[in-house]
Every structure is written in structure tokens, then in C-alpha cells.
Amino acid sequence: LLQSGAANAVAPSAMFYRAVVAELQAAGLHLLLAYVPPTAAGDGSLPQVISQWMTDGFLIDSLVGLGPDVERQLDESGRPGVWINHRRELNAVFPDDHAAAEALTETLLARGLSPIAYVDYSYGLEREPGHYSEGERRAGYVAALIRHGLQPRLIGAQATLPRDQRHAFTRAWLAAPD
């Protein structure tokens with residue numbers, strides 16, 4: 001399993017890994033975990049994982065992208081790979097974040113909860129989404145509100161908001177008159 005680092009990345013749940021390991025063990029197989037930095041294509045760590053660790057295939061979990069050189073090396077390795085939570089045309093599993101955000105917003109509206117705000121403290125609203133899911137979630141929320149004739153309210157800092165500042169930031173926007 002390969003994962004590139006990100007400042008605010010949240011790894012898949014332990015339940016996910018337990019389920020994968022249980023299925024592999026039942027089939028007489030095992031799982032090898034490796035951290036591969038985004039610089040792996042040039043620093044030699046990726047070929048080591050591919051050849052010296054005797055891998056038969058890959059589950060690739062990358063929130064920030066491994067970079068085109070690393071992706072090309074994995075694709076050309078001749079070993080099967082499944083990309084987790086990474087939008088690719090083939091060999092990928094990822095949730096429909098747009099539909100999920102839309103359904104959640106619809107559920108809140110059906111329960112009479114309004115106004116509903118979209119809050120993002122992780123990366124800030126002033127930049128392009130780093131992971132496809134950020135934009136998809138925001139778009140699903142916006143789509144549901146617009147369908148109901150409501151104005152979306154996007155709340156977030158201009159950049160990543162450090163965890164120790166989120167409480168005060170939240171208090172301030174909750175206390176605002178609108």
C-alpha cells in the first residue's frame with residue numbers, strides 16, 4: 001500500500017485495513033505497507049518497493065498524488081494495482097462525493113434544518129481543491145441548495161486553518177448576525 005504525505009491527510013480507517021488484511025489472510029496472502037514519498041520516482045525508493053520487496057500487486061492510497069513519474073513507474077511495473085480514493089478511469093475505487101454531499105444536504109433540508117453552511121478548515125476556500133473530493137463535496141452541497149432556491153454559504157479561512165485556531169474561528173462565525 002502506498003501513501004504520499006499531506007499536511008492534513010487522514011488515513012483510511014483501521015476498519016478498512018482490518019477488512020483487507022482479513023480477506024488476504026483467508027486467501028493465504030499478506031499485506032505489505034510502504035510509505036512512498038512524492039519524490040520516489042527520482043530517489044530510488046519506488047523501484048525498491050517494486051522489486052526488492054517482492055510485491056505482487058499494489059493498493060495505492062494517495063491523497064495528494066504520487067506524481068506522474070511515480071504513477072508511470074507503477075503502471076509500467078507489470079503488477080496489478082488498485083487506486084483507492086483516486087479518480088482514474090481504470091483500476092480505481094472512490095466514493096461519489098458529489099452525490100454524497102448532495103444527499104446529506106437534501107436530508108438536512110428535509111428535516112427542516114436551514115440555513116446550512118459548507119465549512120472547510122483544511123485547505124481554505126481561496127485555492128483550487130488539492131483532491132478531487134474537495135470540489136465534488138462542495139459542488140454537491142451547492143447543487144442541493146440551488147435546487148431549493150437557497151443561497152449557499154461557504155465558510156473557511158483563506159488558507160489552511162491550524163487546528164488550535166478552529167475553535168475561535170467557529171465561535172466567531174456562529175456568533176455572526178447572519
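The values are calculated or read from the model by the stated rules, or taken from the named source; none is laboratory data. None of the values given here were measured: they were computed from a predicted structure. FYI the Cβ positions are ideal-geometry reconstructions off the backbone, even for glycines, and counts take in every protein chain you see. Please note that ligands, DNA and RNA were not included when accessible areas were found on the heavy atoms of the full protein model with its side chains. Shrake-Rupley method; radii C 1.70, N 1.55, O 1.52, S 1.80 Å.
Couple of notes before you dig in:
- Residue selection: A99 fails the criterion of being farther than 22 Å from T160 by Cα and crowded, with 17+ Cβ neighbours inside 10 Å.
- From G67, G81, residue being within 17 Å of the chain's Cα centre (by Cα) and open to solvent by less than 40 Å² (accessible area, probe 1.4 Å): G67
- Matching option when the condition is farther than 30 Å from G57 by Cα and touching an Asp or Glu at 6+ places or on another chain (Cβ under 8 Å), among D164, D178, D97, D120: D120
- A172 satisfies every condition listed in (1) over 28 Å from D96 (Cα atoms); (2) of a type outside the set (D, E); (3) open to solvent by 80 Å² or more (accessible area, probe 1.4 Å) except (3).
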